[in-house]
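Quick notes on the structure that follows.
The values are calculated or read from the model by the stated rules, or taken from the named source; none is laboratory data. These numbers come from a predicted model, not from an experiment. Glycine also receives a Cβ, built like all others from the backbone with ideal geometry; neighbour counts cover every protein chain displayed. Surface accessibility is based on the protein's heavy atoms, side chains included, excluding ligands, DNA and RNA. Shrake-Rupley method; radii C 1.70, N 1.55, O 1.52, S 1.80 Å.
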Amino acid sequence: MERGNVFDELRREILDLTLKPGTELNLNQLSTKYGVSRSPVRDAVKELAGEHLIDIYPQRGTYVSRINLRMAEDERFIRLNLELGSIPDFINNVNDDLISEMEELIEKQEKAFALRDTSLLLKLDDQFHSVIFKGAGREGVFDFILTRNGNYHRMRLISFMFDAISEDVIRQHRVLLDAIKDKDMESLFSLDRAHMTKLKKETVSFRETMPQYFLDK
């Protein structure tokens, strides 16, 4: 496995909670697991530390970072405002193909929820919102968001473990789509802001359920 693949695989395992927040990482074991020398593993770990997904403590060990709520809020703020900024161009360019794509994604979300496949549900959630950026001609902006959202991503994945939250997300996607079909930009702004802000309130409940995944401060 090449260095870039080590980075991608390790990052994926952290983001999908295969490697849970707080897990100690052994570089020798990772080298064996990925079939590489320590060097590409060490490079990947350093790079992921730069994304605040891994904490390196000299003489103490290397750990998957616990979810930092302040950073998660910063990541959510960036994503929200970039998405809101894309809405005018999206509404001007929206067409039947984009609407059909969003409808299909909602149907897939409902199937993923029925299977309680939280990872797939989160992926489909991202794809739903990515249509807004695609319609606005800003696919690269959404790609950038995905490279810098490790805390927010993991927090969202945990939220999908709760049925009430998952059902509410899907319901809100349908409401958002209705506003899109009507080309009601004012409502879409308001709905999207509320949709992407609600997780901040919901975090209180699931942080109490899984406190070991979050920083104390």
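Observations
- If you go through the range 92-102 and keep only what is in a helix (DSSP H, G or I) and more than 21 Å from the chain's Cα centre (by Cα), you end up with 92, 93, 96, 97, 98, 99, 100.
- Test: residue in the range 204-216 that is open to solvent by less than 10 Å² (accessible area, probe 1.4 Å) and more than 23 Å from residue 100 (Cα to Cα): yes
- For the range 26-66, the set of residues classified as buried (at least 19 other Cβ atoms within 10 Å of the Cβ), out of contact with any Leu (no Cβ under 7 Å at 6 or more places or on another chain) and under 26 Å from residue 117 (Cα atoms) consists of 53 only.
- Qualifying residues in the range 79-114 (those that are of a type in the set (Asp, Glu) and in contact (Cβ under 8 Å) with a residue 12 or more places away in the chain) - the one farthest from residue 131 (Cα to Cα): 110
- Residue count for the range 75-98 under the criterion of being under 28 Å from residue 200 (Cα atoms) and either open to solvent by 50 Å² or more (accessible area, probe 1.4 Å) or of a type outside the set (S, T, N, Q) (or both): the result is 16.
- Filter result for residue 125 (under 22 Å from residue 86 (Cβ atoms), within 11 Å of the chain's Cα centre (by Cα), free of Cβ contacts under 8 Å to residues at least 60 places away in the same chain and part of a helix (DSSP H, G or I)): yes
Residue-by-condition table, conditions (1) within 18 Å of residue 145 (Cβ to Cβ); (2) within 17 Å of the chain's Cα centre (by Cα); (3) basic (Lys, Arg):
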site: 51; (1), (2), (3): yes, yes, no
site: 58; (1), (2), (3): no, no, no
site: 62; (1), (2), (3): no, no, no
site: 67; (1), (2), (3): yes, yes, no
site: 75; (1), (2), (3): yes, yes, no
site: 80; (1), (2), (3): yes, yes, no
site: 90; (1), (2), (3): yes, no, no
site: 104; (1), (2), (3): no, no, no
site: 115; (1), (2), (3): no, no, no
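- Test result for residue 161, within 15 Å of the chain's Cα centre (by Cα), hydrophobic (A, V, I, L, M, F, W, C) and assigned to a loop (DSSP other than H, G, I, E, B): yes
- Residue count for the range 20-49, restricted to those that are over 22 Å from residue 151 (Cα atoms), among the small types (Gly, Ala, Ser) and outside any helix (DSSP H, G or I): 2
- Filter pass, residue 123 being in contact with a helix residue (DSSP H, G or I) (Cβ under 6 Å, 6 or more places away or on another chain), open to solvent by 70 Å² or more (accessible area, probe 1.4 Å) and under 21 Å from residue 162 (Cα atoms): no
This table checks each residue for (1) farther than 30 Å from residue 47 by Cβ; (2) among the aliphatic types (A, V, I, L, M); (3) open to solvent by less than 30 Å² (accessible area, probe 1.4 Å).
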site: 101; (1), (2), (3): yes, no, no
site: 106; (1), (2), (3): yes, yes, yes
site: 146; (1), (2), (3): no, yes, no
site: 196; (1), (2), (3): no, yes, yes
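Residue-by-condition table, conditions (1) surrounded by 21 or more Cβ atoms within 10 Å (Cβ to Cβ); (2) touching a residue at least 12 places away in the same chain (Cβ under 8 Å); (3) at positive phi:
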site	(1), (2), (3)
143	no, no, no
152	yes, yes, no
155	yes, yes, no
168	no, yes, no
179	no, yes, no
